Amino acid sequence: MTAKNFEKMVKEASPKSAVFLNSVKAFLVGGAICAVAQVLYNRFEAMGFAKDDAGLIVAAILIVSAILLTALRVYDRIAKFAGAGTIVPITGFANAIAAPAIEHKNEGLVLGVGAKMFVIAGPVIVYGTVASVIVGLIYYFVR
Amino acid sequence: MDIFWAFVIGGAICVIGQILIDLTKLTPARILVFFVVAGCILGGLGIYDRLVDFAGAGASVPLPGFGNLLARGVMRAVDERGLIGVVTGGFTAMAGGVTVAVVFGYFAALVSSPGMKE
């Protein structure tokens, strides 16, 4: 095999293996976050909290932890490794709120912190709200 | 066992997100929007709750679980208040999580400075 062929082979193989490797990392870290959440959930349910309340308490713990790690510049480093594994869980939503709020603090407390907080969370809330109203309307007529 | 399935299903949903990021060039913001809307639709159809029954936090902690929460909230509100529930259910369902994120995000921004290194 010539060096050129080999180079070509590496070029063809590497994007796929990069996707595979990224997926493995996302699986492990994202799965670990969900497993920790399940442990917490089981504990709060055993303490007698109703299902919805236990869910909210766990979500709150995850959100506060992610924001703390964001402020300490740890979350972004984990995210560099884990990709979607840290973006897709609710902790990624919390990071998407805290990180731009911190980064754009210099633009002021209103248009910096207050507005930039919703750069990513805003679209999520907008499309989530619109989708929920459509679901609610359809449900109202077909239930 | 429920912890194992939370790990597997939660990880699998993240893998879907990773593949979307790597192969479609969708930005993370678009992935999050896609997941929330998809979760809301699957929730409205009653499909996502079955995944939650099976995988627990593995289904409720990833962003589609947030969409499912909105769908469940709006349907519950419609049961209780009719048409008014259509416009109150979604926000009511997300109130706790969003308030925690906004308030703690706000104070985190107040106490830490941009570009600060550890």
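The values are calculated or read from the model by the stated rules, or taken from the named source; none is laboratory data. For clarity, every value in this text was computed on a predicted model and none was experimentally measured. When we count neighbours, we look across all protein chains shown, and the Cβ atoms used for this are built from the backbone with ideal geometry, even at glycine.
Here are some notes:
- When B:A38 is tested against (1) facing chain A (nearest Cβ under 7 Å); (2) touching a Gly at 6+ places or on another chain (Cβ under 7 Å), exactly one condition is not met: (1).
- When the residues of region B:11-30 are filtered to those that are within 21 Å of A:I97 (Cβ to Cβ) and at the interface with chain A (Cβ under 7 Å from one of its Cβ atoms), the one that is modelled with the lowest pLDDT is B:P28.
- With respect to the stated conditions, A:A59 is under 23 Å from B:T88 (Cα atoms) and touching a residue at least 24 places away in the same chain (Cβ under 8 Å).
- In region A:69-91, the residues that are within 8 Å of chain B (Cβ to nearest Cβ), over 11 Å from the mean Cα position of the chain (by Cα) and either at positive phi or of a type in the set (F, W, Y) (or both): A:R73
- Single condition A:G108 does not satisfy, out of (1) under 15 Å from the mean Cα position of the chain (by Cα); (2) more than 7 Å from chain B (Cβ to nearest Cβ); (3) at positive phi: (1)
- Entirely in region A:32-143, the helices (runs of 4 or more DSSP H) that have 3 or more residues that are under 23 Å from B:D22 (Cα atoms): A:75-82, A:84-87, A:90-103, A:118-142
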